[in-house]
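Written out below as structure tokens is the structure these notes cover.
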Amino acid sequence: MIYNSPRGTEDYFGEEIRYRDFLAEVSKKLFKIFNYSEIITPHFEHTEVFSRGIGENSEIVQKEMFTFFDKKNRSLTLRPEGTASVVRAIVENKLYSENLPLKLFYIGSMFRYERPQKGRMREFCQIGVESAGSDSPAIDTEVIWLLYELFRKLGFKNLTLYINNIGCPECRVEYVKMLEGQLLPVKDRLCDDCNARLGKNTLRVFDCKVKTCREVLKDVVKISDNLCKKCLKHFNEVVSLLDVLGIDYIHNKNLVRGFDYYTRTIFEIISSDIDSAQNALGGGGRYDNLIKEFGGPELSSVGFAIGLERTILLMRQLGIKVPDSGVSSDKTYIINMDPSCGRYVFEIMGYLRNHGICCDINFNIKSVGKEIKLAQDKGYDNVIIIGEDEYRKKSIKIKKLKNYSQEEFDWESEKEKILNFLGSME
Ligand code: AMP
């Protein structure tokens, strides 16, 4: 019986791990430069954290959550996104008593019951930040800058940053009334999904990909043309700071995002190098009321999340290579031909590994010929053969598999030379 991994999940190994580690390292380094520190929250939460946080009528809560009951009949849900969990953790641990804004980042698996396709999975990894405790437009700009900088550091070009302002609860209520007033008379031209959104989650009609709906939406009022004074001022300041940083953006008046908690600024970064519908690499926005709704103080916040797998797909497509990790790229295989040499072989392996040389030994002794063939098949660059003779002389013979050149060194007195010959990066 051979089992497959569940639909929409994948196993990661080999080169993919190098990409994943690299992306996590680059992000962590950048977050630290921007003064963000890490938070780790559980992979599952009480279901209400998401249903209240993301919104009962959102697509995620309605259709995409992995919800289950534990043995005590409590409803739990695998986290579909990071913000609601981080907000729960901020309130529960009273993290807001520290200096504000609180700047946090996270890296971890998220789970959504979506129809899997390229760049869309049921378990995927998000890297995100949350900055809680300031309503200054400067912090929106900082968060967008961080998102942009991350992709710039990775060497991505052809990126488009979309930004919009979806108002505060006050001006949005007025606007949604106006929008519904315009959509109800033409509801026959809207798809079933959009009809279902009307009155419940009306703003989400802007996310619809159906052509007839898009036609209708071209002519309707836009939220960013109907902002209250405060929201408009906020928006203008965010974009003027983006100008200072030289970050190009497009004000996309049709941009809305699928979470109920957003207020004012929302943004998304897409790559025109991805030729599938899943071209958003990441996005985020401001959420001014969520912490209060979760029983904490009034703390305005803003954050973003990017998809790790989608980012790696693009890195690979653009031929962006993972640079060396400081471990030698040359690999060495130590062939022990005699069980009595075990201690000598371990002494050599210990020294080489301590000096960053990637090496391994044959844990099962076969013939030299078989071991060399195995080393070639596994892509090793060097082999060191240790037999009774070498052990007695305390020497080591290194064979370069590319050109079969061979040199012998004295183990006690020529360690530096050995490291150089094996391709040390130190
Ligand atoms: P969201 O939390 O929906 O704003 O998504 C933020 C980013 O996470 C997206 O731009 C994607 O890069 C990534 N993402 C979201 N959903 C998925 C998914 N089902 N599979 C892979 N990546 C995803």
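The values are calculated or read from the model by the stated rules, or taken from the named source; none is laboratory data. In this text the structure is predicted, and so the values were computed from the model without any measurement. Here Cβ is always computed from backbone atoms with ideal geometry, including for glycine, and neighbour counts include all displayed protein chains. These area figures cover heavy atoms from the full protein model, side chains too; ligands, DNA and RNA do not enter into them. Shrake-Rupley method; radii C 1.70, N 1.55, O 1.52, S 1.80 Å.
Sorting the Cα pairs of region 144-243 by distance into bins of 5 Å, from 0 upward, gives 2, 11, 19, 17, 14, 14, 13, 8, 2, 0 percent per bin. Sorting Lys399, Lys211 on solvent-accessible area from highest to lowest, probe radius 1.4 Å, gives Lys211, Lys399. When a/c reaches 1.5 or more, the comparison of a/b and b/c decides; with that in mind, is region 228-271 rounded, prolate or oblate per its Cα gyration tensor? Cα axes put region 228-271 in the oblate bin.
When the alpha carbon gyration tensor of the chain is reduced to an equivalent ellipsoid, the three semi-axes, largest first, read 54, 23, 21 Å. A 1.4 Å probe over all protein chains sorts Asp288, Asp225 by accessible area into Asp225, Asp288, starting with the largest.
Across region 241-335, Cα-Cα pairs more than 21 Å apart make up 56 percent of the total.
The overall shape of region 322-373 is oblate: from the C-alpha gyration tensor, with semi-axes ordered a ≥ b ≥ c, the ratio a/c is 1.5 or greater and a/b is no larger than b/c. Using C-alpha pairs below 8 Å separated by at least 6 residues, the relative contact order for the chain is 15 percent. Where only DSSP H runs of four or more residues are counted, the chain gives -10500 deg cm²/dmol as its mean residue ellipticity at 222 nm, each run worth -39500 (n - 2.57). Each residue of region 286-294 is assigned a 3J(HN,Hα), and the resulting list reads 8, 9, 8, 10, 5, 5, 5, 4, 8 Hz, derived from the Karplus form 6.51 cos²θ - 1.76 cosθ + 1.60 (θ = phi - 60°), x at Gly and Pro. For region 76-139, the list of GluC sites (Glu not before Pro) that fall in a loop by DSSP and count at most 15 other C-beta atoms within 10 angstrom reads Glu98.
At the residue level, Trp145 shows approximately 90 square angstrom of accessible surface with a 1.4 angstrom probe and all protein chains present.
What FRET efficiency comes out for the pair Gln278/Phe66, r = Cβ-Cβ distance, R0 = 22 Å, nearest 0.05? My answer for the efficiency is 0.65. Can you compute the label reach from Arg74? Point 7 Å from Cα along the Cβ direction, backbone N cut-off under 20 Å, restricted to region 25-62. Correct set: 40-54.
Using heavy atoms of the protein chains and a probe of 1.4 Å, the accessible area assigned to Asp192 is about 130 Å². Using the 1.4 Å probe convention, the accessible area of the chain works out to 51 Å² per residue with neighbouring protein chains retained. Overall shape: oblate for region 1-145, with the ratio a/c of the largest to smallest alpha carbon gyration tensor axis at 1.5 or above and b/c at least equal to a/b. Between Ala196 and Leu184, the simple spin-label model (points 7 angstrom out along Cα→Cβ) gives 2.2 nm. In the complete set of protein chains, residue-level accessible area for Cys208 is approximately 10 Å², probe 1.4 angstrom.
Each label point was placed 7 Å from the Cα along the Cα-to-Cβ direction; for Lys321 and Lys230 their separation is 5.4 nm. Only one residue of Met337, Tyr106, Val216 has its Cα farthest out toward the positive end of the dipole of the chain, where Lys and Arg carry +1 and Asp and Glu -1 on Cβ, and that residue is Val216. Taking 31 Å as the limit for the C-alpha separation, the pairs Lys103/Lys229; Lys28/Lys200; Lys94/Lys321 exceed it in the case of Lys28/Lys200; Lys94/Lys321. For region 340-348, putting each phi into the Karplus relation 6.51 cos²θ - 1.76 cosθ + 1.60 with θ = phi - 60° gives couplings of 6, 8, x, 5, 5, 4, 5, 5, 5 Hz, in residue order, rounded to whole numbers and with x for Gly and Pro.
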